[in-house]
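The values are calculated or read from the model by the stated rules, or taken from the named source; none is laboratory data. What you are looking at is a predicted structure, and each value in this text was computed from that prediction instead of being measured. Using ideal geometry, Cβ is built from the backbone for each residue, glycine included, and neighbour counts are taken over all protein chains shown.
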Amino acid sequence: MGLDVGTTGCKAAVFTPEGSILSYSYREYPLIHPKEGWAELDSLNLWHSIEEVVSESAGKAGRDLVTAVSVSVQGEAIVPVDKKGEPLYNFVVTFDDRTLAQARWWEEHMGREHIFKITGMPLHPMYSICKIQWFQENMPDLYKKAGKFLCVQDFAFLKLGVIPTIDYSLAARTMAFDILNECWSEEILSAAGVDERLLAEVKPSGSIVGEIPEERSKVLGLAAGAVAVTGGHDQCCGLLGAGAVKEGSAMNATGTSDVLNPVLGRPLLSKGMLKNNYCCYHHTKPGMYASCAFNLTGGLLLRWYRDTLCGQEMREAEKTGRDVYELIISRASDDPASVFFLPHFVGSGTPTLDPLSKGAMIGLTLSTSKSDISRAVLDSTNYEMKLNIDSLELAGVRIDEIRAIGGGAKSPKWLQMKTDVFGKTVISLEVSEAACLGAAILAGTASGVYSSVDEGVSLAVRVQDTFYPDTTMTEQYREKYELYKKLYPALKELFS
């Protein structure tokens with residue numbers, strides 16, 4: 001079983017060794033915004049959702065069939081738990097902005113370059129260590145009660161009844177992990193005043209954490225003796241499940257965020273990477289590394305658009321049983337829009353990483369139609385990725401092909417838009433839920449189903465379609481893209 005726990009929903013899928021899905025279950029949950037700029041998830045609701053998808057998927061596949069479970073999770077989110085393992089607070093998620101002061105503190109006391117050389121992470125308020133410091137400074141009584149501060153993977157393992165353990169790729173997303181020495185950074189933790197015992201045990205992806213206790217296995221419908229296996233950051237699990245395991249390949253995951261992950265053959269901690277805010281951390285394939293370029297509002301923007309302006313499509317989808325996003329995409333204009341969205345609804349992603357930037361829609365006229373606006377929403381996410389592809393290549397990262405996963409990979413129309421904007425070959429896969437599949441490959445390798453991760457990928461990952469750039473459309477997009485690149489610089493001063 002591969003379990004994928006995201007920011008707005010979680011899913012579990014049971015796979016055959018050949019990569020066919022036996023069963024699948026999904027639950028959506030709401031983000032909580034106690035104050036402007038804050039973003040949280042109810043910790044117990046998150047766990048109950050995980051329980052539901054695991055037991056439901058296990059039940060659909062055949063009770064007692066699942067012998068190993070691994071976990072793909074969102075990065076950076078953190079929760080304090082007491083010494084009995086009970087949550088003391090909600091999960092504070094990636095784009096919560098309460099930690100701006102802590103990020104400034106790191107800039108002043110250690111500096112971006114030194115932090116990057118240790119952790120592979122460009123300094124930003126989103127990282128878990130900043131969130132832990134916020135609890136230290138703003139909720140000292142709660143901080144003293146905390147037995148652990150856990151990310152989603154280690155929290156899930158704790159609730160499954162095994163030792164809370166985190167893999168290298170997710171540990172890196174805390175900005176407290178030494179990626180070259182593969183351990184918690186004594187220098188970072190000492191500067192933050194955080195005891196290493198407050199953090200989870202660290203192991204490589206694909207390590208057996210322990211046997212899930214019999215009482216938990218029974219409740220969840222897992223086989224007796226089923227094991228929990230370290231997975232990874234959702235992007236790195238997605239790389240594995242997409243078959244992006246060689247240098248030159250990359251994955252574009254359009255989920256809550258829109259993310260591009262190129263595969264690296266070695267750690268790349270250059271000035272060019274840091275200048276453009278590109279991280280470097282472990283792949284879930286042993287010996288390989290990855291980077292991460294992202295727009296924080298990919299699918300989240302589409303969800304906002306659905307909920308705010310697409311009531312008609314939502315009602316139609318409910319009546320007809322069609323997917324509401326399929327309706328929105330199918331009705332988007334066939335031509336590149338003259339309306340532009342700046343999709344910085346929770347700040348900008350890479351390469352600028354500006355938490356103060358805001359979303360905007362530019363170029364409206366009385367002739368602007370809803371189909372134009374729908375197209376602009378889709379085009380904006382593609383332009384953001386094109387910005388990142390250009391910047392990564394200038395920093396020395398090779399990108400030959402892009403494998404598309406997530407909700408956006410289910411739409412051939414959107415995939416063709418992507419390849420036309422990127423000017424790169426885009427590949428879709430038979431199983432678009434690559435993060436679940438990547439986690440399942442790790443579970444299968446650890447439990448002996450596969451002799452290696454490479455064997456798991458070769459057996460379980462299958463290409464569905466290959467999309468090539470249409471030169472005419474690429475040329476049309478080039479002009480629009482040049483205009484799009486001017487939006488953020490023009491609006492930056494206004495937003496800040």
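For beta carbons closer than 8 Å, sequence separation of 6+ or different chains, a first residue in the range 313-328 that is among the hydroxyl-bearing types (Ser, Thr, Tyr) and a second that is part of a helix (DSSP H, G or I), the qualifying pairs are Tyr325/Leu302; Tyr325/Arg306; Tyr325/Gly407.
Out of Asp372, Asp354, I need the residue that is in a helix (DSSP H, G or I) and touching a Ser or Thr at 6+ places or on another chain (Cβ under 6 Å). Which one? Exactly one residue qualifies, and that residue is Asp372.
In the range 263-290, the residues that are surrounded by fewer than 19 Cβ atoms within 10 Å (Cβ to Cβ) reach residues that are in a strand (DSSP E or B) with C-beta atoms within less than 6 angstrom, at least six apart or across chains, in these pairs: Pro267/Tyr289.
Against the condition part of a loop (DSSP other than H, G, I, E, B) and among the basic types (Lys, Arg), how does Lys285 come out, does it pass? Before the answer, list the steps.
Details: part of a loop (DSSP other than H, G, I, E, B): yes; among the basic types (Lys, Arg): yes.
In short, yes.
With respect to the conditions (1) on the phi > 0 side of the Ramachandran plot; (2) touching a Pro at 6+ places or on another chain (Cβ under 6 Å); (3) surrounded by 19 or more Cβ atoms within 10 Å (Cβ to Cβ), Gly161 falls short on a single one, namely (3). Every test in (1) touching a Ser or Thr at 6+ places or on another chain (Cβ under 7 Å); (2) of a type in the set (Val, Ile, Thr); (3) buried (at least 22 other Cβ atoms within 10 Å of the Cβ); (4) more than 20 Å from Val229 (Cα to Cα) is passed by Ile115 save one, and that test is (1). Among the strands (runs of 3 or more DSSP E) confined to the range 181-238, the ones with at least 1 residues that are in contact with a Lys or Arg (Cβ under 9 Å, 6 or more places away or on another chain) and on the phi < 0 side of the Ramachandran plot are located at 208-211, 227-233. Yes or no: Val431 in contact with a strand residue (DSSP E or B) (Cβ under 8 Å, 6 or more places away or on another chain) and more than 18 Å from Ser257 (Cα to Cα)? Spelling it out, Val431 is indeed in contact with a strand residue (DSSP E or B) (Cβ under 8 Å, 6 or more places away or on another chain) and more than 18 Å from Ser257 (Cα to Cα). Of the residues in the range 67-78, at least one is touching a Lys or Arg at 6+ places or on another chain (Cβ under 8 Å), part of a strand (DSSP E or B), surrounded by 22 or more Cβ atoms within 10 Å (Cβ to Cβ) and in the same structural domain as Lys131 (by TED's automatic domain parsing).
Looking at the range 88-105, which of the residues that are in contact (Cβ under 8 Å) with a residue 60 or more places away in the chain and not polar (S, T, N, Q) is nearest to Phe135 (Cα to Cα)? Restricting to residues being in contact (Cβ under 8 Å) with a residue 60 or more places away in the chain and not polar (S, T, N, Q), the top hit is Arg98.
For the range 312-339, a residue qualifies if it is closer than 17 Å to Ser369 by Cβ and not β-branched (Val, Ile, Thr), and the qualifying residues are Gln312, Glu313, Leu327, Ser330, Arg331, Ala332, Ser333, Asp334, Asp335, Pro336, Ala337, Ser338.
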